[in-house]
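What follows draws every value from the coordinates through simple rules; no lab data is involved. Values in this document were obtained by computation on a predicted structure and should not be read as measured data. Backbone-built Cβ (ideal geometry, glycine too); neighbour counts: all protein chains shown.
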Amino acid sequence: MVYYYNVPSWLVGFFEKKYKLMRIGDAFNRDLPITLLFSYEQCFSYSSISILDSIEIGYKKKFFKKVIFLSSYGVYGKNLGVDPVSEDTICEPQDAHSVLFYSTEVALRYLAFKYEVPTYVLRLFTVYSPFQPLSYIVPWIVNSIMHDKVLMIGDIEKVRDYIYVSDMANLIHIIANRKEEEVFNIVNVGTGKPTSVRELIEITESIVGKKARVVFDATRIREEFDPDYAVADISKAKKMFNWKPKVDLERGITYMYHWLMGRGSVNV
């Protein structure tokens, strides 16, 4: 059993359908210790890190037998280059969101060793999933092409590592049930396969059967650091957990398309 706190609602919606996942508030009516899965669903300020005060109590009182934190590839910052990035790469976050995640990673490393509670940091690359709002790139592109909406894009050549939610959830499930434990581990979660926004659009066009209406929009180029290339080296996850992604991008987008069709999509 995994208990969650402050994880994205779209992940909860998917995870609950396949694995046992419960709200952290329900844990106090059950036997302790528990496995905690947490992140920052919305992080608008550095004050979000204050949840670590409560989490430290859980470490100290042995409420947790294991902690899994969903972090972000953004912690690598300017050291994201033209090759897949490994967990050994020096972190130099360049935006407020990534600074928050990296600060939490550092704090969790300290807590893990101090209280000897196995702790895993999962650095997520670009996860896509049913239940995601249209502010996420994959459902936005699929839905826009379905409804002949204009895609206002700042840089069509940005390269990302897109991983379908079921592959990420499977890794979390493996970690949650793992017997052999190190005190602290950082693991990249991606596919290791680079895909540009242009390629993402072309794949979606072939699945939906429509051409995209793409218009350059300079206002969509982020003011804060936005790497041109962000792809994971996942050799550590493969070796440590005997895990590998099973859903390729074409299949994942097909799932997204069918899901949007099934719910009437979102014509906005």
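For this structure, a couple of remarks:
- Extreme residue, positive dipole direction of the chain, given options Val142, Leu70, Phe14 (C-beta unit charges): Phe14
- Computing FRET efficiency as 1/(1 + (r/R0)^6) for Ser86 and Val215, where r is the C-beta to C-beta distance and R0 is 30 Å, gives about 0.25.
- Residues whose amide H lies under 5 Å from that of His147, counting only those 5 or more places away or on a different chain, are absent; hydrogens are built 1.01 Å from N in the peptide plane.
- Percent of Cα pairs exceeding the 19 Å cut-off, where the set is region 137-268: 57 percent
- Within the shell defined by Cβ-Cβ distances under 11 Å, the residues around Ser86 carry a net charge of -2, with Lys and Arg each +1 and Asp and Glu each -1.
- For Lys210, the aspartates and glutamates whose Cα falls under 19 Å of its own Cα, not counting residues fewer than eight places away in the same chain, are Asp148, Glu199, Glu202, Glu250.
- Relative contact order of region 5-163, pairs being alpha-carbon contacts under 8 Å that are 6 or more residues apart, as %: 23 percent
- Normalised by the number of residues in the chain, the average gap of Cα pairs under 8 Å and 6 or more apart makes the relative contact order 21 percent.
- Under the criterion of Cα pairs below 8 Å and six or more residues apart, the relative contact order for region 130-222 equals 49 percent.
- Legend: residue pairs Lys158/Lys179; Lys149/Lys238; Lys179/Lys246, Cα-Cα distance threshold 28 Å; pairs beyond threshold, Lys158/Lys179; Lys149/Lys238.
- Long-range HN-HN contacts of Phe184 with modeled amide H, under 5 Å: Thr119
- Neighbour cut-off at most 13 other Cβ (10 Å), DSSP loop, GluC sites (Glu not before Pro), region 67-161: Glu116, Glu157
- DSSP bridge pairs, the chain: antiparallel proportion in percent, nearest 5: 5 percent
- Length released on extending from Glu205 to Asp148, taking residue separation times 0.36 nm less the Cα-Cα span: 19.4 nm
- For region 91-151, the convex hull spanned by the alpha carbon atoms encloses 116 Å³ per residue.
- Measuring nothing but alpha carbons in the chain and taking Rh as the Kirkwood radius, the Rg to Rh ratio lands at 0.97.
- Placing a label point 7 Å from the Cα of Lys244 along the Cα-to-Cβ direction, the residues of region 128-168 whose backbone N falls under 20 Å of that point are 161-168.
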